[in-house]
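What follows is one structure encoded as structure tokens, with my remarks underneath.
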Amino acid sequence: DTGVSQDPRHKITKRGQNVTFRCDPISEHNRLYWYRQTLGQGPEFLTYFQNEAQLEKSRLLSDRFSAERPKGSFSTLEIQRTEQGDSAMYLCASSVMDSVNNEQFFGPGTRLTVL
Amino acid sequence: SQQGEEDPQALSIQEGENATMNCSYKTSINNLQWYRQNSGRGLVHLILIRSNEREKHSGRLRVTLDTSKKSSSLLITASRAADTASYFCATVSMNTGFQKLVFGTGTRLLVSP
């Protein structure tokens, strides 16, 4: 399967714990995006990378959130000191560098539940 | 924040009927895309329409775009039970540097056999 993959698919954690999610994009895609989706809402942009450079961060991304893409391939999203409000689906997407169309391919998401 | 709203929030139809969903957005756009999301899963890209296009077709999908009204519609013809999903419009805008998709709130479609 050459699509976007995310791991884990589900994560249940206690408030205050740290969690880390991984995203593997489509191999030839140099752009990678993280979105967060809460129940009944559309996804909201968190951050994006072009190769290994993090070029934009949403104000939704508090200091407790950090994302990396060290070698320009897979990416990790870490949430420190989780809060119940962090419960959501975290979606990763990738695209080729096309400054006009920007069709993005999404992974299956990681569903986070903070107890 | 969401770009805009979709209407209706939920739609229930019988197999074989057509389903129409509307999307309104707030800012000037470069293109508008429609995505489908099956329950609890990732999004699947359906169709993209550029700001200089007014109508586009792909299989049973028909998308229209009215930039003067900042609105778009998605028509699914001859619906099937497998079309049951949430449908989201998403915009790409120069205002956001072309880099991110700004999604609407979605329409939940239920197609009954």
- Report the local net charge at residue B:59: Lys and Arg +1, Asp and Glu -1, summed over other residues whose C-beta lies under 14 Å from its C-beta. +4
- Message: In Å², and per residue, what accessible area does chain A have when probed at 1.4 Å with the other protein chains present?
- Response: 50
- Query: Hey, any idea what % of the stretch B:25-113's accessible area is carbon plus sulfur with a 1.4 Å probe?
  - Reply: 49
- Task: Please give the peptides B:17-25, A:12-20 ranked by average Cβ packing (other Cβ atoms within 10 Å per residue), highest first, as a rough proxy for protection.
- Result: B:17-25, A:12-20
- Item | Accessible area of chain B divided out per residue, in Å², using a probe of 1.4 angstrom | 46
- When you look at the Cβ of every residue in B:100-113, what mean number of other chain Cβ atoms sits within 10 Å? 3
- If you count, for every residue in A:41-49, the Cβ atoms of partner chains within 10 Å of its Cβ, what is the mean? 6
- Eligible aspartates and glutamates near residue A:11 by straight Cα distance, threshold 17 Å, same-chain separation 8 or greater: A:78, A:83, A:86
- Query: For the pair B and A, how large is the buried accessible area, both sides, in square angstrom to the nearest 100, if the probe is 1.4 Å?
  - Reply: 2000
- Let me know the number of lysine pairs in chain B closer than 18 Å at the Cα, not counting same-chain pairs under 8 apart. 5
- Message: Under 15 Å from a point placed 7 Å out from the Cα of residue A:66 along the Cα-to-Cβ direction: which residues of the stretch A:75-115 have their backbone N that close?
- Response: A:76-82
- List the aspartates and glutamates whose Cα lies under 14 Å from the Cα of residue A:71, skipping any in the same chain that are fewer than 8 positions away. A:24, A:28, A:52
- Task: Take every residue in peptide B:41-51, count the Cβ atoms of other chains within 10 Å of its Cβ, and give the average of those counts.
- Result: 4
- Query: What percentage of the solvent-accessible surface of chain A, computed with a 1.4 Å probe over protein heavy atoms, is contributed by carbon and sulfur atoms?
  - Reply: 45
- Message: With the crude spin-label approximation of a point 7 Å out along Cα→Cβ, what separation in nm comes out for residue A:84 versus residue A:29?
- Response: 3.4
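The values are calculated or read from the model by the stated rules, or taken from the named source; none is laboratory data. The structure presented is a predicted model; accordingly, all values stated were derived computationally and were not measured. Every residue, glycine among them, receives a Cβ derived from its backbone with ideal geometry; neighbour counts consider all protein chains shown. Accessible surface is based on the protein model in full, side chains and every heavy atom, while ligands, DNA and RNA are left aside. Shrake-Rupley method; radii C 1.70, N 1.55, O 1.52, S 1.80 Å.
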